[in-house]
Structures are given as structure tokens and as C-alpha cells.
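Colleague: Have a look at the structure that comes next, please.
The values are calculated or read from the model by the stated rules, or taken from the named source; none is laboratory data. This one's a predicted model, so the numbers in the text were calculated from it and none came from an experiment. Reconstructed Cβ throughout: ideal geometry from the backbone, glycine too, with neighbour counts over all protein chains shown. Note: accessible area is taken over every heavy atom of the protein model, side chains too, but ligands, DNA and RNA are not part of it. Shrake-Rupley method; radii C 1.70, N 1.55, O 1.52, S 1.80 Å.
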Amino acid sequence: MENAALIQTKDLVKIYPMGSHELVALNNVNLDFKKGEFAGLVGPSGSGKTTLLNIVGSLDSPTRGSAIVMGKKVEELSHKQAARLRNSHIGFIFQTFNLLPVYTVFENVEFPLLLLGFSPAERKRLVMEALDWVRLADRARSRPAQLSGGESQRVAIARAIVKKPAIILADEPTANLDAENSHNVLQIMEELNQETGTTFIFATHDEKVISYLRRKITLIDGRVVRDEVMTPERQPEAKAQAQAQAQAQAKPSPGRTEQAEETGGPGGTGTRGGSGGRR
Amino acid sequence: MIKFLLKGILRDRSRSLFPFLTVTIGVMLTVFLYCYIKGAESNFIESSARFSTGHVKIMSRAYAAEADQIPNDLAYVGVESLLLELRQEFPDMVWTPRIRFGGLLDIPDEAGETRSQGTVAGLAVDLFGSDSPERLIINIEKAVVSGHLPRKQGEILISADLATTLDVRPGDTATLIGSTMHGSMAITNFTVAGTIRFGVTAMDRGAVLADIHDIQEALDMEDAAGEILGFYRGFIYKDKDAEDMASRFNARHHGQGESDEFLPVMVTLKNQSGLADLLAMMGMFSSVVVLIFVAAMSIVLWNAGLMGSLRRYGEIGVRLAMGEDKGHLYRSLIAESMLIAVFGTIAGTTVGVAIAYYIQVHGIDISSFMKSSSLMVTDVLRAQVTPVSFVIGFLPGLGATFIGTSISGIGIYRRKTSTLMKELE
């Protein structure tokens, strides 16, 4: 991990006008994120998690203060420059996958590369590499409608990582997934983070996600109230607890067939040594 | 990117089917109406040229000034020498003299008393000249309903409708009562060789077709003719060329004596009987048809674009979040709609041209609407497929799609990226 901060916020303030009043969504937030971090913004609804993610992702600009992402001041970027920053350096993972329904898995993952102007051969190589990462290489020709929720989110992860961004911002990535699939995708993201050094920043209040974090930033009413490094001793413990809960939830029942299949398949829980894995 | 867009269009029918059908139907109607107007225009030009105006017409100045009244007393004298001059100077043209005349046609019984009588509008053309182009120009062979073409001097053809009215059959005698070029009464007996129908109501109502030499003799018009008609070989009217030719001819002949009203004057097809105005009006109709379709289709496609944008709200949001520039996204939506427009235009043009071609071959019988018409229009209206027919549809097809999508796509620029995360939840 390098020491240089990929993301830096300095006295970041975001205020939304609400009629005659003002809503302070972020209040003097000072944070640094370095390469390879696996960090999460946690806190109750309305605490400013998504607002901070928006600004860091150059989707919004601060009212005051500064947000420097990949050396660029977000508040000084034009729409076009902000789009270029997102396109080149930032991957997004959303709560509701947001795959393009008419395109295949391969084409969905290929899309960011089209925007970056990669050659067809290069696109094919990178897409298959990304699908390999998320253990969906064998589903490349499937359409989103043919995928389970877990698979869809893995495609969304592949789409986010295919252009090899420095930063991936994930807004409640497990909110629409059951416990077992949540762990699947979190494990993939963790492995990606460890093997590629991609910085992951989550906005979440899901305990399962929190159990994987190595840095937890707690926001309340737009202020950073805690910025904790999750110690290696503590982390596996919490993870094991969350996984046990997931397994308890995943006991075979008529409604869980899909998860059972997934667990047994190449993309299932556990090590990435299955037939669809890279190793 | 185009390939990517194409896949989306082909797979998502709800994205492409409605705009495709809109463009196809609009283009089909535009192409068909264009061909139909073009056909009507050509029909009018051709019929007028064959029976009345020629591609250019030479008259005496005095005759030209009163041409509507067919003033044969002002006819041009010295036709033979003028024809020689014209054939030398304009060898690309076919020149032929004609006399239009009016009178009374009297049908006697066996005792020589009047059995029936009717007014006629006659046309005298060179029927017997070895190099006469008239048989081809007015297509006499095909027009014969009964009897035969005149085989010798003194034989005439009369319209089938007039023959029925006057109860005349081929072989009967008919007496033409009219006035000579000098104002005296002219009475000449002819033999009815046959009956004819040109399919042009204005001609078929009461026409007599006679040889020009017979009429020159009957009306004391030796070496005179009311009109000398010029036709382009191939029978294609070239307006600009005709104007140039008329200017040259008139400049030379005017130089001979400004005050002589019997000098010849050349008039182009477009400058006769208000044809220029009529053709300009038809051209305007064509433009109006295209404009109406562009406007109507633009509105429909604008709405289709808005519906599509709403349906693809999530997709557009994701693309913006992923870092697609708003301008690029806007252009890609336009490119996508233009792809649909190209397919729709090709389909619409194919169908439109096919229908137009069918009507070009088979025609539509409008004789029931032409009973009292004096227009030189055939009773069977045909569409005309021209090279322009294959491209005219691209104007409404691509233009309307471009306008519609450009307007509906403006919403992309209003989309706030700051709310994307919430919108995509």
C-alpha cells in the first residue's frame, strides 16, 4: 500500500437548500483514502454517507471545502472533466445492479471499455478477465434477466473493475442480496482489493459489509464521529459471526434453491478455486 | 459503438419498433404522394405538350396575343420556309405545323338534308407526310376506336363520343362549316374514316382530327398555320434549354422589325396557358407534403423519444454515473435513432416506390371526375417513379427523427448527476 492519498477531503461541507432552511449534509469532513484501502462509511440514514460518496465520485461538488480525487479538485471540474475522471479512475457498484437489460453479461461489462475506446481484442481480453474474477466467465452470453441477484451484482462488480479503476465506490452493494450472496460478493471484492490494490469505499449500514471492512468511518449528521481501523484480530471474528448467521439463514428450504445452486457452483461461497475461478 | 447501439435496437423491440413503424409509414406516404404528384405533373405536361403546347410553340405575335380564341385570321404565313429554317437551326427538335379550328359539323342524310349537327373543336396535323412525327406524338393508332386512320385526302377522324352524339359511323359524310382565314364562310365535305378516343376528356368531348393540308385548303390557309410545335426528341421537356432556345429565336426575329405583329414568336411549354404557375403550384404541393410529414413525424418521434427516455431512465443514469459524457450520451441516442430512421426510411421508400410503381403501371381511372374538364390531362392518372423518388423519403425520415430525438434528448442535459445514486437505488 502506498502512502499517497488517492482521495482527500479538506473541511468538506455540503449544504442543500430546503426552502427557507438549509440542510447540512456534510459538515467539515476531513478524510484521506490511500491506495488499497477497504473502507466503509457507516451511519444511519441521512448521516451523509451517500453525499460523501457522490462528491468523492465526482457526481456532485462540495458547497465549501475541497475534495481531491486522483489529484483533481472535484469542485473545480466541469461536467465533462468530472465524467472523464469517473470514466477513467472510478468504478461504481449500486444497490440495484443497474445492468443494461438488452445486453448480455459480456456486453454489459464491455460497455465502459467502449467509452474508453479500447480495441475489440483488448476489450475481449479485459472483459473475460473481469468475468473470470467474479467467476461468471461461463455466463458471458447470458442476459441479466437470466441471472440471480448474486450473479447480477457480480456482473456489476465486473463492470466496475473491468477498466481497472483506482477506486471503486459501492453504495449499499448488498442491500438487495441475501446473506449468502452478500458474502459471495464481499469476498470477491475483498480478493480484488487484496490482489489488485483497488481502493474500495462502501456506503453501508449492513453488518455483513461492516464485518469485511478494514477501516470504518462513522458519520452522524454529516460529521465524522469515528474513524477506526478494523484490527486483523477483530475482523475475522466479526466475519465468522456474520457468516454463521448467513449459513443459518441459508438452511435448505423451498425458496432457497437458487442460492443452493449458486453455493455449489463455480461462483459459490468459499475459496476462488472453483471451475469458474482464475486460479 | 455503432455495433453496440445496433444490438440494442435489434434486441429491444419496444425501443425500435414504434419509431421504425412511424418512420416507415411517414416515408412511405411521402414517397407515394411525391410520385403521385410527379405523375400528375408529368401527365399534365405530356398531355399538354402532345395536344396543345408542344415543348415550344411558334406563332405569329398577333396570334400569340389572342391564342385562347384560336384566331386563324392571324395565323403565321410562310410555314414551309420557317420549318426549313427551324430544322436547320434546331436539328435536335422535331417541328410540326398545326391548325386548331372550330366550326359546326353537319351530318347529312341520304337526301343531303341535315340529320344531325354539333359544334366541334378541330385539330389539323400532318397525317400523310412521310417524315411527319404526328402519328407518334398524338399516338393516333392507339386512339382509333372504330374504322381506320385516314388513307387519303378528305378523310377525317372524329371523337367516339361525338360520333355517338351525332350518330355517325365510319364511311359517312360530314360537312365542316366554319370560316376561312380571311373571314369568309367555309363549307367542306369530308368522309369519316374512323372514330377515336385519346383518353383526354378535353379532346374526346368534341374533337375532329384532320390532315393539315385538307384544312389549309378548306380554310384558305395556304402555307399558313396557327402554330408550329417543337418537340425534343425522346419527348423529355427541358425547361432551361427551351427558354434559351426561345430567347435566341425571338431575339433574332424581333430584330427584323419591331412593329410587325406577324413576325414569329417562340413560347415555351411553361409559358403557355398559365402552366408555369400551375407547375410551380405542383412543386409547392410536393414541398408542402414533405414539410407536413417532417413536422408530423417530428412530433410523433419527439414523443416516442420522451417515452423511450423515461423507460430507459435507469440505463441513462448508469451510463452517466459510469462516466459517459452527457454530449456523448446525447449523440449516441441520436445515432441510435438515426440507425432506426435509416432502416425505416429504406423500408418506407421500398413500400412507397412499390405502390407508386403499381399505380404507374396500372393507373387510376379518373374519367368520371373529368367530364367537364378542359385540362389536357389523361383520364388515367399514373404515378411516376423517378430517381428522386428513391431519395426524397430520407428528408422526412432522417430529418424528422433527428429533430424529434434532438428535442427529446435535451432532458439528458437537465439530469443532475448528484441525484444519480438515489435514483439508481
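Colleague: How do the peptides B:148-158, B:42-52, B:82-92, A:101-111 rank, highest first, by the average count of neighbouring beta carbon atoms within 10 Å per residue? Working shown, then result.
Modeller: Numbers: B:148-158: 18.3, B:42-52: 20.6, B:82-92: 13.9, A:101-111: 22.6.
Ranked from most to least packed, the peptides come out as A:101-111, B:42-52, B:148-158, B:82-92.
Colleague: Per residue in the range A:55-86, which ones lose no less than 30 Å² of accessible surface when going from chain alone to all protein chains (1.4 Å probe)?
Modeller: A:LEU59, A:HIS79, A:LYS80, A:ALA83, A:ARG86
Colleague: Compute the long axis of helix B:275-311 from its Cα atoms, compare it with the longest principal axis of the Cα atoms of chain B, and write down the angle in degrees, 0 to 90, nearest 10.
Modeller: Taking Cα atoms only, the helix is inclined about 20 degrees.
Colleague: Under 20 °C and 1.002 mPa s, how fast does the range A:81-143 diffuse according to Stokes-Einstein, given a Kirkwood radius computed over C-alpha pairs? Answer in µm²/s, whole number. Before the final figure, lay out the partial values.
Modeller: Working: Rh = 12.5 Å.
Taking Rh from Cα pairs, D becomes 171 µm²/s.
Colleague: Residue by residue, what Karplus-based ³J(HN,Hα) values in Hz, rounded to whole numbers, does the range B:118-128 have, using 6.51, -1.76 and 1.60 with θ = phi - 60° and x for Gly and Pro?
Modeller: So the Karplus estimates, Gly and Pro as x, are x, 6, 10, 10, x, 9, 10, 10, 7, 8, 10 Hz.
Colleague: Please list the non-local residues whose amide H lies under 5 Å from the amide H of A:GLY40, H modeled 1.01 Å from N, same-chain partners needing a gap of 5 or more.
Modeller: A:PHE202, A:ARG215, A:LYS216, A:ILE217
Colleague: Further, regarding this structure: State the percent of C-alpha pairs, over all pairs in the range B:262-355, separated by a distance greater than 15 angstrom.
Modeller: Numbers: 3378 of 4371 pairs.
Everything past 15 Å amounts to 77 percent.
Colleague: Hand me the trypsin sites (Lys or Arg not before Pro) from the range B:205-272 located in a DSSP loop with no more than 10 other Cβ atoms within 10 Å, in residue order please.
Modeller: Numbers: sites: B:ARG205, B:ARG233, B:LYS238, B:LYS240, B:ARG248, B:ARG252, B:LYS270; in loops: B:ARG205, B:ARG233, B:LYS238.
Passing both the DSSP loop test and the Cβ count: B:ARG233.
Colleague: Sticking with this one: May I ask for the Kirkwood hydrodynamic radius of the range A:39-170, worked out over all distinct Cα pairs and given in angstroms to one decimal?
Modeller: Numbers: mean 1/r = 0.0637 Å⁻¹.
Its Kirkwood hydrodynamic radius stands at 15.7 Å.
Colleague: Next question, about the same structure. Output the Cα-based Rg and Dmax of chain B in Å, rounding Rg to one decimal and Dmax to a whole number.
Modeller: 30.7, 108
Colleague: Further question on the same structure: Across peptide A:169-180, what mean number of C-beta atoms from other chains lies inside 10 Å of a residue's C-beta?
Modeller: On the way: counts 2, 0, 6, 2, 0, 0, 1, 1, 0, 0, 0, 0.
Counting Cβ atoms of other protein chains within 10 Å of each residue's Cβ and averaging gives 1.
Colleague: In addition: For a quick protection proxy, order the peptides A:117-130, B:93-106 by their average other-Cβ count within 10 Å, most packed first. Show your work: numbers first, answer last.
Modeller: Working: A:117-130: 15.8, B:93-106: 21.1.
Packing proxy ranking, top to bottom: B:93-106, A:117-130.
Colleague: Considering only the protein assembly as shown, what is the antiparallel percent among its DSSP beta bridges, to the nearest 5? Provide the component values of the computation, followed by the final result.
Modeller: Values: 68 of 96 bridges.
Rounded to the nearest five, the antiparallel share is 70 percent.
Colleague: Still on this model: Taking the 0 to 90 degree range and rounding to the nearest ten, how far is the long axis of helix B:79-89 tilted relative to the main principal axis of chain B, both from C-alpha atoms?
Modeller: The angle comes out at about 40 degrees.
Colleague: From the P(r) of the range B:72-117, could you give the percentage of C-alpha pairs in the tail past 15 Å?
Modeller: On the way: 656 of 1035 pairs.
The calculated P(r) of the range B:72-117 puts 63 percent of pairs beyond 15 Å.
Colleague: Separate question: List the residues whose amide H sits under 5 Å from the amide H of B:THR180, counting only those 5 or more places along or on another chain, with H placed 1.01 Å from N in the peptide plane.
Modeller: Close amide H contacts, sequence-distant or interchain: B:MET185, B:ALA186.
Colleague: When you look at the Cβ of every residue in A:112-118, what mean number of other chain Cβ atoms sits within 10 Å? Write down the numbers at each step before the final one.
Modeller: Working: counts 4, 0, 5, 9, 1, 1, 0.
Mean shielding by partner chains, rounded to a whole number: 3.
Colleague: Sticking with this structure for a sec: Can you give the helix-only mean residue ellipticity at 222 nm for chain B, where every DSSP H stretch with n ≥ 4 adds -39500 (n - 2.57) and the sum goes over all residues, rounded to the nearest 500 deg cm²/dmol?
Modeller: Working: 16 runs with 210 residues, N = 425.
After summing the helix terms and dividing by the residues of chain B, the value is -15500 deg cm²/dmol.
Colleague: Would you kindly derive the ³J(HN,Hα) couplings of the range B:22-28 from the backbone phi angles with the Karplus curve 6.51 cos²θ - 1.76 cosθ + 1.60 (θ = phi - 60°), listing them in order in whole Hz, with x for Gly and Pro?
Modeller: Per residue, the Karplus-derived 3J(HN,Hα) values read 4, 5, 4, 5, x, 5, 4 Hz.
Colleague: How large are Rg and Dmax for the protein assembly as shown when only the alpha carbon atoms are used, in Å?
Modeller: 43.1, 138
Colleague: Express in % the proportion of alpha carbon pairs of the range B:55-137 at distances exceeding 15 Å.
Modeller: Numbers: 2353 of 3403 pairs.
Above the 15 Å cut-off, the range B:55-137 has 69 percent of its Cα pairs.
Colleague: So, one more: Summed for both chains, how many Å² of accessible area, to the nearest 100, are buried between B and A with a 1.4 Å probe? Kindly include the intermediate steps, with their values, before the conclusion.
Modeller: On the way: alone 20800 and 13180 Å², together 31290 Å².
Answer for the B-A pair: about 2700 Å² buried.
Colleague: Let me ask another. According to the Kirkwood expression over distinct Cα-Cα pairs, how big is the hydrodynamic radius of the range A:1-76, in Å? Each step should come with its number before you reach the end.
Modeller: Numbers: mean 1/r = 0.0777 Å⁻¹.
After inverting the pairwise mean of 1/r, the radius is 12.9 Å.
Colleague: Follow-up question, since we're still on this one. What are the residues whose amide H is under 5 Å from the amide H of A:ARG223, where those residues sit 5 or more places off or on another chain and H is modelled from the backbone?
Modeller: Residues meeting the amide H criterion: A:ASN27.
Colleague: Please compute the per residue accessible area over the protein assembly as shown with all protein chains in place, 1.4 Å probe, rounded to a whole number of Å². Let's see the in-between values first.
Modeller: Numbers: 31290 Å² over 704 residues.
About 44 Å² of surface per residue is accessible.
Colleague: Turning to a different aspect of this structure: Can you work out the Karplus-derived ³J(HN,Hα) for every residue in the range B:407-414? Use 6.51 cos²θ - 1.76 cosθ + 1.60 with θ = phi - 60°, whole Hz, and x for glycine or proline.
Modeller: Once θ is set to phi - 60°, the couplings for the range B:407-414 become 6, 5, x, 4, x, 4, 6, 8 Hz.
Colleague: Label points 7 Å out from Cα along the Cβ direction at B:ARG151 and B:ILE177: separation in nm?
Modeller: A separation of 3.2 nm, rounded to one decimal place.
Colleague: What average number of partner chain Cβ atoms lie no more than 10 Å from the Cβ of the residues making up A:93-100? Provide the component values of the computation, followed by the final result.
Modeller: Numbers: counts 0, 9, 3, 4, 2, 11, 3, 8.
Across A:93-100, the average partner-chain Cβ count within 10 Å equals 5.
Colleague: State the extension gain, in nm to one decimal, for the chain segment bounded by B:SER184 and B:ILE2, taking 0.36 nm per residue of separation less the distance between their alpha-carbons. Write out the running numbers ahead of the final one.
Modeller: On the way: separation 182, 0.36 × 182 = 65.52 nm, distance 8.20 nm.
Result: 57.3 nm gained on full extension.
Colleague: Just report the Cα centroid separation between the range B:208-249 and the range B:42-61, whole Å.
Modeller: Spelled out, the Cα-based centre of one part sits 9 Å from the other.
Colleague: Based on a Kirkwood Rh over C-alpha pairs, give the Stokes-Einstein translational diffusion coefficient of the range B:56-236 at 4 °C and viscosity 1.567 mPa s in µm²/s.
Modeller: Working: Rh = 16.7 Å.
Using the Kirkwood radius from Cα pairs, D works out to 78 µm²/s.
Colleague: What whole-number volume per residue, in cubic angstrom, does the convex hull of the C-alpha atoms of the range B:289-343 give? Walk me through the numbers on the way to the answer.
Modeller: Details: hull volume 4.4 nm³, N = 55.
Given the Cα convex hull of the range B:289-343, per-residue volume reads 81 Å³.
Colleague: Same structure again: When the accessible area of chain B is split by element with a 1.4 Å probe, what percent falls to carbon and sulfur?
Modeller: Numbers: 11710 of 19420 Å².
Result for chain B: 60 percent of the exposed heavy-atom area is carbon or sulfur.
Colleague: Which residues of the range B:320-335 show a drop of at least 20 Å² in accessible area when all protein chains are present, compared with their chain alone (probe radius 1.4 Å, heavy atoms only, ligands and nucleic acids excluded)?
Modeller: Output list: B:ALA321, B:MET322, B:GLY323, B:GLU324, B:ASP325, B:LYS326.
Colleague: Quickly work out the A:LYS124-to-B:HIS362 label distance, labels modelled 7 Å from Cα along the C-beta direction, and quote it in nm with one decimal.
Modeller: 5.2 nm
Colleague: Still on this structure, I have one more. Once all Cα-Cα distances of the range A:151-218 are split into 5 Å bins that start at 0, what whole-number percent is in each one?
Modeller: For the range A:151-218, the binned pair fractions read 4, 16, 33, 28, 16, 4 percent.
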